[in-house]
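To start, the structure itself, in structure tokens.
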Amino acid sequence: MTAQSSNSQPQVESTAGEPHLDENHVIAERREKLRHLREHAQSSNTPVFPNDFKPEHKAADLQARYAEADKETLDPQEIPAVVAGRMMLKRVMGKASFATIQDSTGRIQLYIARDEIGEALYESFKHWDMGDIVGARGRLFKTRTGELSVHVTELRLLTKSLRPLPEKFHGLQDQEIKYRQRYVDLITSDETRATFRARSQVVTAIRQFMNQNEFLEVETPMLHPIPGGASAKPFITHHNALDMQMFMRIAPELYLKRLIVGGFERVFEINRNFRNEGLSVRHNPEFTMMEFYAAYTDYQWLMDFTEQCIRAAAIAAKGTAVLSYAGKEVDLSKPFERLTIVGAIQKYAPQYSLEQLNDAEFVRKELLKFGVKAFDHAGLGALQLSLFEETAESQLWQPTYIIDYPVEVSPLARASDTQPEITERFELFITGREIANGFSELNDAEDQAARFHAQMKAKEAGDQEAMFYDADFIRALEYGMPPTGGCGIGIDRLVMLITDSPSIRDVILFPHMRSEQ
RNA sequence: GGGGUGUUAGCUCAGCUGGUAGAGCAGCGGACUUUUAAUCCGUUUGUCGUGGGUUCGAUCCCCGCACACCCUACCA
């Protein structure tokens, strides 16, 4: 969109010297058609890619209003319709044709009679291709078989498509192309479009829920001088002008808590985090988190609140909080179960006695059976957590809060007032996957400084994901942060659950892929 | 990172433990004024992912590589 655009016809040589990814004879044929269109446009001084046709109706609206009407009552009314969209189906006969166009809302059929639009245009239309963008003006009617259609009186080719669409019946089957060329997937798959609409509805519902509860939406840095707020490997980058190393954020937590110090009391952020780790059906290097912090609340309040938020999101996108995932029911409508780490092991791996679970050496040996070698510095709580992950986590199909995480793996969480070795922290699991993580925040600056020091020791001992010491964050806490609850919800995973998607790539428009070739 | 499976026409897919490939759709030409994945007649199109090896001969057997998907590991 430069200032150069005008009414003059640009001189475009069809294919000369331009790099094309994958030319083939079908594309060559369409380029040839486009060349003819350019010639014709030039001689008639009209644009090849016109932008003066303005549709006035959407397919879905027309279907909703008139699809049920009788032919006898609808046809005589000659209701005008002006529509535009991509031609998805085309059935040409000698003197009349049908074409189905698709717009952002759905599909509608066009009836194109030679005697109505003229012989020259009809001949031209015969050579238009599936995938071309067309505009049509006409009157609504019902065909013999009762399909709502537009009897076309004016037909325009608005955009010539050079690449063929996938086979019209089977659609796009190649998973790789669905991810790499999402635009093709969106053109051809109702299901894909529905998934991303649902994603948008989920995010909108969450935002509304937060606003209704008087949270302030904020944006904090994505480029961090010190990566913090989570245990993860960061992407490292470099700022040239400042000549300094920077890190893509792994979590917004420490900045959001600075805002609580600043007095906002209720803040949230929906944005991307970046973690330099492996890919899987549950992991993309950049993923979306909603983190929120509320002063004068604790983890018990957070669990109630998070539950309501997720329920509201499901209802907004699906109309119900009783979902189906991978063929099994997931019920978000009832209160979520709450279990301690040890309680969950006892429930899902009852072969262990409480005595065994409280024996650090036993648990450490047991973990070896699962191929897990715990750090030497790991305490009982961390060992129990590892055993939980090996035995119970994947079985938490219905929504379950796991509570009371050990202090040593929760360096930002407030310790229990009665049991100093555990924190007021929870993680939410649904369909065996972690969906959310929250806790009463640690607001004792000196304790936080000590926890950071312990993390630095762990880092020196070989724990690559241990946290860095963030001196400014400590300084902020030293001004005093009110008692606060904070939680992060993995939006991608929540959308996977709500849209019944097996892979995180199905809910990210442009998932990370290796370079082509 | 480790393991498994896959890659054949533009698309969707066949292809017999080895003899250099087929169908449907799309395209092109023709017929057809109410079709529904329109139909009917004719017809074009392939470095069989890529590089080696075995063989008289490889889409097919063996090895490497690329990419994808699934499982697994780290994590959310």
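Taken together, the values in this text are just the output of simple stated rules run on the coordinates, not laboratory data. Just so it is clear, the model here is predicted, and its values are computed rather than measured. Because the Cβ atoms are built from the backbone with ideal geometry, glycine has one as well, and the counts that use them run over all protein chains shown.
For the range A:400-467, the Kirkwood estimate of hydrodynamic radius, built from reciprocal distances between every pair of different alpha carbons, is 12.7 Å. Packing, taken as the mean count of other beta carbons within 10 Å per residue, orders the peptides A:466-478, A:118-130 from highest to lowest as A:466-478, A:118-130.
Restricting to DSSP loop positions (anything but H, G, I, E, B) with no more than 16 other Cβ atoms inside 10 Å of their own Cβ, which GluC sites (Glu not before Pro) remain in the range A:127-212?
A:147, A:167
Relative to one another, the C-alpha centroids of the range A:202-229 and the range A:427-443 are positioned 16 Å apart.
Packing, taken as the mean count of other beta carbons within 10 Å per residue, orders the peptides A:43-53, A:206-216 from highest to lowest as A:206-216, A:43-53. Neighbour counts of other Cβ atoms within 10 Å put A:149, A:503, A:280 in the fewest-to-most order A:280, A:503, A:149.
Roughly how far apart, in whole Å, are the Cα centres of the range A:244-265 and the range A:270-328? Computed from Cα coordinates, the inter-centre distance equals 20 Å. P(r) for chain A, from all Cα pairs and a bin width of 20 Å, is 18, 41, 27, 14, 1 %, short bins first.
Going from the residue with the fewest nearby Cβ atoms within 10 Å to the one with the most, A:306, A:159, A:499 rank A:159, A:499, A:306. Stokes-Einstein diffusion for the range A:425-517 at 25 °C, viscosity 0.890 mPa s, with a Kirkwood radius from C-alpha pairs, works out to 149 µm²/s.
If I take every Cα pair under 8 Å that is 6 or more residues apart in the range A:364-417, average their sequence separation and divide by the length, what percent do I get for the relative contact order?
Normalised by residue count, the contact order of the range A:364-417 is 34 percent.
Were the residues from residue A:454 through residue A:35 laid out at 0.36 nm apart, the gain over their Cα-Cα distance would be 143.9 nm. Across the range A:102-208, the fraction of Cα-Cα pairs farther apart than 20 Å, rounded to a whole number, is 55%. Among A:373-380, A:133-140, sorting by the average number of other beta carbon atoms lying within 10 angstrom of each residue, highest first, gives A:133-140, A:373-380.
Projection of the Cα convex hull of the range A:189-265, averaged over all directions and equal to a quarter of that hull's surface, yields 8.0 nm².
Mean residue ellipticity, 222 nm, helices only, chain A: the sum of -39500 (n - 2.57) across DSSP H runs of n ≥ 4, divided by residue count and rounded to 500, is -10500 deg cm²/dmol.
Extension gain for the segment residue A:233 to residue A:170, taken as residue separation times 0.36 nm less the Cα-Cα distance, is 18.5 nm to one decimal.
Think of chain A as having a plus end and a minus end, set by charges on the Cβ of Lys, Arg, Asp and Glu; of A:306, A:402, A:462, A:306 sits farthest toward the positive end of this dipole. Which residues in the range A:197-227 place their backbone N less than 17 Å from a point set 7 Å from the Cα of residue A:308 along the Cα-to-Cβ direction? It comes to A:205-216, nothing else. Rounded to the nearest 20 debye, the dipole magnitude of chain A is 1920 debye, with +1 charges on Lys and Arg beta carbons, -1 on Asp and Glu beta carbons, and the Cα centre as origin. Applying 0.36 nm per residue to the separation of residue A:398 and residue A:107 and subtracting their alpha-carbon distance, the gain on full extension is 101.0 nm. Applying a threshold of 27 Å to the alpha-carbon distances of A:334/A:369; A:257/A:365; A:178/A:334; A:54/A:142; A:95/A:142 flags A:334/A:369; A:257/A:365; A:178/A:334 as lying beyond it.
Only helices reaching 18 angstrom along their own axis (Cα) with mean Kyte-Doolittle hydropathy no lower than -1.0 count here, and for the DSSP H runs of chain A these are A:190-212, A:299-318. Rg and Dmax over the alpha-carbon atoms of the range A:368-490 stand at 15.3, 48 Å. Mind jotting down the distance between the C-alpha centroids of the range A:39-66 and the range A:138-198, whole Å? What the calculation gives is 16 Å, centre to centre.
Going by neighbour counts of Cβ atoms within 10 Å, the residues A:496, A:88 line up, fewest first, as A:88, A:496.
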